[in-house]
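A quick write-up on the structure given underneath.
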Amino acid sequence: MKKQKELWEPFNLADLFYTSTERFANNEALKFRIGHHYETLSYFELKKETIKLALALKKMGFKAGDKAIIFSENRPEWVITDLALITLGAINVPIHSVLSPAQLETIIKEIKPKALFLSNHELSSKLLEISKTISAIPLLFSFEKIESDGFEKLFYFKKVIEESQEGEKSEAELIESSLKISPKSVATIIYTSGTTGRFKGVKLTHQNLISNAIGVLRYVGVLPEDRFFSILPLSHVFERTIGYYIPLYSGASIGYATDLAKISQEIKDRKPTIVIAVPRLFEKIYEKILEKVNKNLAKKVIFRFAFGLKKNGRHQHLEKIFENLVFSKVRAEFGGQIRFFVSGGAALPVKLGKFFDQVGLIILEGYGLTETSPVISCNRLGDYSFGTVGPVLEGVEVKFNSTGEILTKGSNTTPGYIQDNDTKKAFTKDGWFKTGDYGFFDRKGFLVLTGRKKDLIVLSTGKKVAPTNIESQLESSEYIEQAFVFGDARKHVGAVIVPNLEKFSEKFGINGPQHLVKSQIVRDYLYQEVQNLLKNYASYEKIHKFIIQAEPFSIESGELTPKFGLRRHVIYERNLDEIEKIYQK
């Protein structure tokens, strides 16, 4: 696909924002829900709120290089705070709202922030558990009115903005100084999600983030008329770059999800044109569509026939009929105005990509890491291939070392971590970043991922197994909700399987999670399902013994990272007794 023309390259993130507020002053920038109704901020209004906060922070002694933590879910105040920090040349350190008090404390002690912004009472209760550490932070701000008991001084965000003294001269001086901030200055420190148990602070500069946003926009065009729907946390760089800085650059609108439990209905109601998500969202929506279809025999027959025709290209004269009967109805589940989806954070099952593509809904899958701002490669509109993560972005370099590990460098790559020792370990002597992922280029030059270095299982026989591929295959079954594959230094691989309890309950009439887990009928069915799913895998990759777990892996239990990746060491340790029994048999 041809590159987009007339893309201007901002000097820094402040330049990106303030130029957009001039170009798209009257465009809707943010859409959010308050109570039972929606409110909006135009680009002009967003600029005014940002300037007021930046001036207030400056008066409180905030200066370039100071660090501030944002501990909040996605909301307009998150964006206003980030933009005010950018304006001052300060450093935003976002912390995911699901982290525990102990994890928070570790980050706060390392960062030593000048300020902390929190959203609500629920999150403030976490801070009170580490009140001694919090008391060392000079400035505390709350996005919502909360009880200040336990905090020495807590500023109410809205009041700070309302009382800020704004004048034409002070505003002009502030913007002028912001436009001089070096592109190589650190804009944010993002902590990796800690699949190995230890958080690492990744430094990203203005240049890192801008170059990545422009790199994506060269091949995936975004319009001022586009409406983004923000689901993933802004504390992660995937949402930050793709779902925030890119629409901000383009003059598009960003709407925030309010209830993740009702996400399908929210998308349907809000009618976005671009949705960024992890594969799990697409899986859930796919499952709901099938569930609706399978309840009615006539719908089931029409549905399967329609997709069969589309797949083999026969009877094209019937496609218009099925477009009205099936495909348009599936698109309507997403509001009917989607231009494309973007998927990242984990591998997208090929069957999902193909399913949505048949409907006329494109999912563009990409690849990257926090350390690469994040995109290294991505599929493009009109040029995509399922099972790959697309061509490498312009300005990004990729090569493979002798073991097949992906190495990268470019203007999007981090200058390093908070800890110098972490930086030394992450780069080769000649400056290539070691991603920890394995892959190769296919004949078209599209990058294909084959596994993660730290996840690689080495059996006692010497055979190497990439567990993520097997887990993805297992989770493609409607009867398997989640899977974790283990077996390092063992003679064969095994798995912890979380079954879809609802499906098994419907099939066998067995109620209650514990009854299902203990049922021999369920175990036998799962065994056969696993064998069928892995029939084309090598003998040493096949699973014959597994543990059934009733409770799903979750962020709250510590088994998932905030990006829904498996915390392997946690799941392994919690199931160690059962794992040992498997290998004793």
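The values are calculated or read from the model by the stated rules, or taken from the named source; none is laboratory data. Not measured: the values here are computed from a predicted model. Note that we place each Cβ from the backbone using ideal geometry, even for glycine, and neighbour counts take in every protein chain shown.
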Residues that are among the hydrophobic types (A, V, I, L, M, F, W, C), modelled with pLDDT of 95 or more and surrounded by fewer than 12 Cβ atoms within 10 Å (Cβ to Cβ), drawn from the range 167-191 | none
Looking at this structure, is ALA277 crowded, with 23+ Cβ neighbours inside 10 Å and of a type in the set (Gly, Ala, Ser)?
-> yes
Within the range 382-401, which residues are of a type in the set (Gly, Ala, Ser), touching a helix residue (DSSP H, G or I) at 6+ places or on another chain (Cβ under 8 Å) and more than 21 Å from ARG452 (Cβ to Cβ)?
-> GLY395
What strands (runs of 3 or more DSSP E), lying completely within the range 1-96, carry at least 1 residues that are within 21 Å of GLU166 (Cβ to Cβ)?
-> 28-34, 37-42, 67-71
Which one of these is in contact (Cβ under 8 Å) with a residue 40 or more places away in the chain and either crowded, with 21+ Cβ neighbours inside 10 Å or more than 25 Å from ASP269 (Cα to Cα) (or both): GLU49, GLU28, GLU22?
-> GLU49
For residues that are touching a Leu at 6+ places or on another chain (Cβ under 7 Å) and among the aliphatic types (A, V, I, L, M), scanning just the range 448-467, find the one that is farthest from GLY390 (Cα to Cα).
-> VAL465
Starting from the range 560-585, keep only residues that are more than 24 Å from LEU232 (Cβ to Cβ), then list their pairs with residues that are basic (Lys, Arg) whose Cβ atoms are within a distance under 8 Å, requiring at least 6 positions of separation or different chains.
-> ILE582/LYS545; TYR583/ARG490; TYR583/LYS491; LYS585/LYS545
Does the range 383-401 contain at least one residue that is among the hydrophobic types (A, V, I, L, M, F, W, C), over 19 Å from ILE214 (Cα atoms), surrounded by 21 or more Cβ atoms within 10 Å (Cβ to Cβ) and touching a residue at least 12 places away in the same chain (Cβ under 8 Å)?
-> no
Scanning the range 142-174 for residues that are within 34 Å of the chain's Cα centre (by Cα) and of a type in the set (A, V, I, L, M), the one farthest from ALA54 (Cα to Cα) turns out to be ILE146
Considering the range 436-483 alone, what residues qualify as being touching a residue at least 40 places away in the same chain (Cβ under 8 Å), aliphatic (A, V, I, L, M) and surrounded by 19 or more Cβ atoms within 10 Å (Cβ to Cβ)?
-> LEU447, LEU449, VAL465, ILE470, LEU474, ILE480
Filter the range 113-148 for residues that are part of a loop (DSSP other than H, G, I, E, B) and in contact with an Asp or Glu (Cβ under 7 Å, 6 or more places away or on another chain); the one that is nearest to LEU57 (Cα to Cα) is LYS114
Scanning the range 435-465 residue by residue, the ones that are in the same structural domain as LYS542 (by TED's automatic domain parsing), modelled with pLDDT of 80 or more and of a type in the set (Gly, Ala, Ser) total 0
